[in-house]
1. If residue 137 passes every condition in (1) open to solvent by less than 70 Å² (accessible area, probe 1.4 Å); (2) modelled with pLDDT of 95 or more; (3) out of contact with any Leu (no Cβ under 6 Å at 6 or more places or on another chain) but one, which one does it miss?
2. Take the stretch 163-175 and flag every residue that is at pLDDT 95 or above and at negative phi.
3. With the condition kept exactly as written, say whether any residue in the stretch 154-164 is under 18 Å from the mean Cα position of the chain (by Cα) and over 19 Å from residue 24 (Cβ atoms).
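The values are calculated or read from the model by the stated rules, or taken from the named source; none is laboratory data. The shown structure was predicted, so the numbers you read here are calculated from the model rather than taken from an experiment. Here Cβ is always computed from backbone atoms with ideal geometry, including for glycine, and neighbour counts include all displayed protein chains. What goes into the accessible areas is simple: the full protein's heavy atoms, side chains included, and nothing from ligands, DNA or RNA. Shrake-Rupley method; radii C 1.70, N 1.55, O 1.52, S 1.80 Å.
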Amino acid sequence: TGLYYGEQSIRIIYNRTMIIDGHAHASGSFRRPETLLRALDGLGVDRAVLCQNIHDLDRDMPLPFERGEITRHPAVSYAGNAFLRAVGRIFRAEKGRIERNREVLALAGKCRGRVIPFYWANPGRADAGRETAEAVERDGYRGIKLHQCVNPFGIDAPAVADLAALAAERGIPVF
């Protein structure tokens, strides 16, 4: 903390660590800038990495741990991922993916720099590298989101190498 004296006022400058939510989805109240910003403010979060959701959802979905039901047992993670795969198939996660990515970008533009937009890529598509590179270049996404449970792909898929090269070249993260 530093104390600086001005001509007619005293300013106190606080040094504190910035808090970034590293994994949020544009779903429910996080699809509207005013409720997204209110949630960040209420939690003391400065910025959020925002990705699209696998389907359009206008209502909030409580997570299992919010109801006190989650354990750290690997079977819980496996079951959760199996559920995500099923939901992805039911809602056809690939359908509308590009539009939902654009929604994230639009939200970021309305949130005064507090939302860091990530592009959800599908390495199961042969053109994933080209598509993502164009979106990052044209629209300014700040990172790349991959979700193997929703978009099945092998780590040795050519598109994964393309996406990793893109991230390295642009200095952006992949998760």
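1. For residue 137, the failing item is (1).
2. Once the filter is applied, which keeps residues that are at pLDDT 95 or above and at negative phi, the stretch 163-175 yields 163, 164, 165, 166, 167, 168, 169, 170, 172, 173, 174.
3. yes
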